[in-house]
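The values are calculated or read from the model by the stated rules, or taken from the named source; none is laboratory data. Treat the numbers as computed from the prediction; the structure is a model and nothing was measured. Using ideal geometry, Cβ is built from the backbone for each residue, glycine included, and neighbour counts are taken over all protein chains shown. The protein model used for the area step is the full one, side chains on, heavy atoms only, and it has no ligands, DNA or RNA in it. Shrake-Rupley method; radii C 1.70, N 1.55, O 1.52, S 1.80 Å.
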Amino acid sequence: MKDKILLALVTFALKALAILPYRALYFLSDLIYPILYHAVKYRRKTVHANLVNSFPDKSEDEILKIEKGFYRHFCDYVMETVKLMHISDEEMRRRMRFTNSEMIEEIRTDGRPIFLYLGHQGNWEYIISVTMWTDPSLSACQIYHPLSSKVMDKLIYRLRSRFNSTGIPQKQALRAILGMIREGKQPFLGLIADQRPQRHPEPEWTTFLNQDTPIITGGEVMGRKLNAHFLYGSIKCVRRGYYETTFQPIEPVEGEEYTFSKQFMRMLEKDIIEQPHMWLWSHKRWSIKKDFYTNRQS
């Protein structure tokens, strides 16, 4: 009962905030930025260390410029995501444009599932609006990690279920997608796959942003079982609050293990280098060190 009351109160408050126009939300974002960056210092050490290790050739001034740009964008991202609770289809189409949605229509003709790999770049929450650019007969869905807070988990699920997209908990993904296929549906699955994987068992490794980086391979394993198409969604910020996504096929490298996962990371890396402040630097992606496994085996 307490969770239901809290969820109702939080939802009401966020909906009231979401009614505000974008210019008002960005005004609030500008007010929140100095508090988050200078006063609260939210994960400042993590962000700074990630940037220094990722861009060893950049000067301290260049690092600080990216760092501050990230925090400004992060505040915008929060406000833009709240706006999902009260945004028209027309406004959403203006805010997130898909430059080559016809690619989806071209490759879907064989009926195979489509796996869309994404990173925490730009505003990844707006990707759910892809359903307005593709045939409604596609079964759009995304894999998500349930949050420990039941209230926040339900809230995020509601946001990500906008525009006829279905959220699937990670542990139920394969079963749910197989169920769609048995029902004659064609899954169009979004995977945000640049997070830190579980520590055990030992993850697969690649070089990403000048560092040994553990990668998530579960999506590729599942996609290969289902003979899926693998695509990458390249998200670029055109100007404040406006984004473009371009679909790109992920081309496998012959003989490379987990090649789709590794190629995705390379494609994402290029986008991060182009717009570094647009990536989620506050995540502790490199807390798992390769030396941990090397020392354990020796």
Quick one: what pairs do we get from segment 126-147, first residue closer than 22 Å to residue 218 by Cα, second at pLDDT below 90 and polar (S, T, N, Q), C-beta under 6 Å, 6+ apart or different chains?
-> 128/165; 140/165; 141/166; 143/170; 145/170
In segment 164-189, which residues are touching a Ser or Thr at 6+ places or on another chain (Cβ under 9 Å), open to solvent by less than 20 Å² (accessible area, probe 1.4 Å) and more than 15 Å from residue 226 (Cα to Cα)?
-> 165, 167
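Per-residue answers, yes or no, for (1) more than 18 Å from residue 233 (Cα to Cα); (2) crowded, with 17+ Cβ neighbours inside 10 Å; (3) in contact with a Lys or Arg (Cβ under 8 Å, 6 or more places away or on another chain); (4) of a type outside the set (Phe, Trp, Tyr):
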position: 74; (1), (2), (3), (4): yes, yes, no, no
position: 85; (1), (2), (3), (4): yes, yes, yes, yes
position: 91; (1), (2), (3), (4): yes, no, no, yes
position: 107; (1), (2), (3), (4): no, no, no, yes
position: 110; (1), (2), (3), (4): yes, no, no, yes
position: 127; (1), (2), (3), (4): no, yes, no, yes
position: 143; (1), (2), (3), (4): no, yes, no, yes
Among the residues of segment 99-147, which ones are among the polar types (S, T, N, Q) and under 15 Å from the mean Cα position of the chain (by Cα)?
-> 121, 123, 129, 142
Reported set for segment 266-289 where residues are among the polar types (S, T, N, Q), farther than 27 Å from residue 251 by Cβ and open to solvent by 10 Å² or more (accessible area, probe 1.4 Å) is 287
Among the numbered conditions (1) surrounded by 19 or more Cβ atoms within 10 Å (Cβ to Cβ); (2) at pLDDT 95 or above; (3) under 23 Å from residue 263 (Cα atoms); (4) not β-branched (Val, Ile, Thr), tell me where residue 103 comes up short.
-> (1)
Pick from 157, 126: which is within 25 Å of residue 6 (Cβ to Cβ) and either out of contact with any strand residue (DSSP E or B) (no Cβ under 8 Å at 6 or more places or on another chain) or not small (Gly, Ala, Ser) (or both)?
-> 157
Name the one entry in 246, 217 that is within 30 Å of residue 22 (Cβ to Cβ) and either open to solvent by 10 Å² or more (accessible area, probe 1.4 Å) or among the β-branched types (Val, Ile, Thr) (or both).
-> 246
